[in-house]
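The structure appears right after this line, and notes come after that.
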Amino acid sequence: MASDRAPAPIALKVVVAGGFGVGKTTTVGSISEIEPLTTDAAMTDVGVGVDVATLTPDKVDTTAALDFGRITFPDGIVLYLFGTPGQERFAFMWDELARGAVGAIVVADTRRLADSFPAIDFFEDLGVPFVVAVNCFDGRVLHDTADVREAVAVDPDVPVELFDARDRATVKHVLAILVERSLGLARADLVAAASGPT
Amino acid sequence: MIPEQPPESRPGLTRPYVLTGGRTRSAADLPLEAIVVTERDSLAIGAAPELRAIVELCAAPHSIVEIAAILEMHLGVVRVLVGDLTGDGILSVGATASTVLDERIRVLERLLEGVRGL
């Protein structure tokens with residue numbers, strides 16, 4: 001059937017992380033072309049790369065709701081945006097989500113900046129490109145980005161952006177910054193690989 | 001003994017686990033975002049409804065995670081079943097991010113152009 005069908009699109013993903021209630025699902029929903037979907041991911045389902053046996057042998061009842069949205073681009077690329085469960089006990093899912101990801105948007109609330117530290121640490125350790133996106137609820141900006149940058153202690157070249165999770169244009173801006181960051185790091189890796197010892 | 005399950009019930013959780021023989025990991029190691037397309041509907045008559053549902057859904061491309069969400073099946077079960085059906089040539093799975101740097105760069109360039117055009 002259908003030998004004339006176009007090949008399946010290339011699927012990419014971006015992880016939207018951050019503390020509980022910081023606006024991750026709102027961020028995904030603002031830019032997704034579909035109403036965000038939810039699936040329950042059981043621990044054993046997402047244990048790729050993790051020694052499942054040491055987590056909970058013979059148990060599959062630890063589940064986390066995984067929210068995701070989708071953007072289809074005209075040239076055969078589909079981007080999925082995954083909102084990570086914020087609670088630390090679901091950190092087991094992050095390896096799976098981060099694997100092969102374009103990068104991560106760490107959504108931060110200036111009133112609870114420490115809530116974003118686990119996500120920042122995780123993506124730094126794994127070398128996953130990320131941006132810190134400060135969600136300005138109700139247009140309130142309690143800090144400027146320099147203060148936030150100092151508080152979260154990220155590398156100077158990690159983008160720190162103010163945005164409004166409900167505002168598609170600002171979410172799009174943050175997403176573009178992330179893809180630029182990811183592209184820049186990939187190009188730098190290519191240069192390093194070409195000039196490094198063989 | 002015929003299971004006491006109404007024929008119109010949605011693909012649930014118990015039967016797929018039986019279907020997969022308890023396997024929760026697929027040899028194909030399919031990423032969540034990988035997009036699945038039905039190549040040919042050559043399922044055997046009497047094939048399990050879960051398999052039928054996946055093949056019918058993927059007449060239009062759907063990712064692993066979308067299949068799980070829409071059909072209300074566990075991700076691990078979807079991976080195993082899709083892996084089996086791919087091996088049989090009934091489904092095909094599209095590409096995800098390449099680990100080859102210059103391919104990754106080319107795809108990211110296309111993505112950036114796409115995001116800017118949103």
| field | Residue among A:G21, A:G69, A:G29 that alone is under 23 Å from A:F137 (Cα atoms), modelled with pLDDT of 65 or more and part of a strand (DSSP E or B) | value | A:G69
| Scanning the range A:157-180 for residues that are hydrophobic (A, V, I, L, M, F, W, C) and not in a helix (DSSP H, G or I), which turns out surrounded by the most Cβ atoms within 10 Å (Cβ to Cβ)? | A:A165
| request: Could you please give the count of residues in the range B:94-118 that are more than 7 Å from every other protein chain (Cβ to nearest Cβ) and β-branched (V, I, T)? | output: 2
| query | In the range A:11-30, how many residues are surrounded by fewer than 24 Cβ atoms within 10 Å (Cβ to Cβ) and in contact with a helix residue (DSSP H, G or I) (Cβ under 6 Å, 6 or more places away or on another chain)? | reply | 2
| remark: By residue number, the members of the range A:158-191 that are of a type in the set (D, E, K, R) and farther than 14 Å from A:A133 by Cα are A:E180, A:R187, A:D189
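The values are calculated or read from the model by the stated rules, or taken from the named source; none is laboratory data. It should be emphasised that the depicted structure is a prediction, and the values quoted were computed from it without experimental measurement. Note: ideal-geometry Cβ built from the backbone for every residue, glycine included; neighbour counts use all protein chains shown.
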